[in-house]
Structures are given as structure tokens and as C-alpha cells.
Amino acid sequence: MALKIKTLRDATDGRGVKLAVYGGSGVGKTTQIAAIVGSLGENDKLLIITAEHGLLTLRQEGLGILDDPRVLVAEVATVGETKEAVDFAKVTSNGIVWVVVDSVSNIADRELRAMLQAKPDPRQAYGEVMTRVPAILWGLVDVARLNVLFIFQELRDERNEGTTKTPDMVAYYGPQVPSKALQQAMPFVFDAVLRMEILPNGERRFRTAKTNTIVAKDRSGKLDQFEPADLAAVVAKIQGEA
């Protein structure tokens, strides 16, 4: 295949946005899908790849997307089914412009449980899952035209930064990723890694910049340190449409 040389504008025009969102249970990560649906064109489709029952929250009538024909769901329980769903999203004629993976953590965990029943060595099972599942899902990032949202559960890691006699426990927050190597690579894989938070007044927001204890990243340079919890608006801002 001949090497293609493009201008920077040509290379970036029409490129989808790749996002990772994580946050605590009940923070409202899944309901952000409704905001994305509201930004879809008439003939555009959104594919949700899921291995959990958290989508029940999307049945709320107030969200208005339960009977929207543009929203498709691929329920996966194995690596093979996950690969089929990813391959389906990649086919241009299927009309998929958005893919939501909800959640990477649960897909990997379900496959690990199945693998542990088949593999006598737990270390071998873990190693295979931690390699195969992310490799399949990460393939979505390479499809230039797709917008992709990876939803992660939140990992809370308490560390003693004091001494045994005078402990000083500090909580660190980040996405629950199947392997440490992949977690370290995430800021370079996604256009933004966002932590969804709830303020004391009930307001939800996205944190886009890291702190000493919280993982977050905005590679576009277009987001404020905190953004309202509206993924459609975040994408528009990254793409320069807002």
C-alpha cells in the first residue's frame, strides 16, 4: 500500500473524538449516553457495547431515548462477542458514528470469570484476558471517523503516606483498567480522560486536569479544568464547534 502524505488539516478533519470517562457508582456516567443521542443526525446510529445491566437507567422516560431507533445495543459475554460488536461498528454501511463501551471494567471482569473456569492456572487466565480484551476494544480508537466513549468504573486506592505509628491515608482516584500498563497508556490513547464528579449541591461536572491524587487529561487543550456534565458539549468544544 502506497504511503499517503496529507496536510495536518486533511489528516484531522472528520476525525472522531475518543473519550474515557470514569467516576463513582451512581454518579451518572451511563446517562451521559442520552446527551450523545441528542447530538446525533437523523441517519446516524450509536452502538452501546455492554456486559452489564446498568443500561436499565436509560429506560427513564425523561431521557427520551428508550424507543429511539438510532440507539443499538450489543450485549457481550465473551471475547468473541466483543470482537463481533467492534467489527460491526467498523463497517461504514452500518451507519455507526458513535460507540459507547459500558464498561471496559465489566467486560474484562466477565471474560476473566469465564476464563478462570476453563484455565487451571489463574495467572495464565488473567494474563490472556488483560491482553485480549483491551486489544480488541482499543481497535475502535484506530477508526478515524468514529466517536468513541469508553466508560470505566472508578478505582479508589488508599495509600499510607505516613508511618506505621502515625498513618496518613491518602485516596487516589483513577479509571479501573484491566492492567497497569494500559492505565499508564490511557492519557496518550484518548483525546480526553474525564472524571465525573458530583458536587455537594448535586451538580455534576467533568474534571479534565489531573491533580496529585486524581487521574484526568485533556489532550486537545480546549477544555476548561472543569466542564459541565454534557458529553455532547464537550465533544463540540474539542472539535472546535462551540
Checking rank on 103-114, 23-34, with mean other Cβ inside 10 Å and highest first, the result is 103-114, 23-34
Excluding Asp168 itself, what net charge comes from residues whose Cβ is under 12 Å from its Cβ, given Lys and Arg +1 and Asp and Glu -1? 0
Test of understanding: what is the full-extension gain from Glu203 to Leu116, defined as 0.36 nm times their sequence separation minus their Cα-Cα distance? 27.2 nm
Cut-off 12 Å between beta-carbons: net charge of the residues surrounding Val143, Lys and Arg +1, Asp and Glu -1: +2
Net charge (Lys, Arg +1; Asp, Glu -1) of residues whose beta-carbon lies under 12 Å from that of Thr82, Thr82 excluded, is -2
Give me the distance in nm between label points sitting 7 Å out from Cα along the Cα-to-Cβ direction at Glu42 and Ile5, one decimal. 4.3 nm
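We did not get these values from a lab; they are worked out from the coordinates using the rules stated. Because the structure is a prediction, the values reported are computed rather than measured. Glycine gets a Cβ as well: all are built from the backbone with ideal geometry, and neighbour counts include every protein chain shown.
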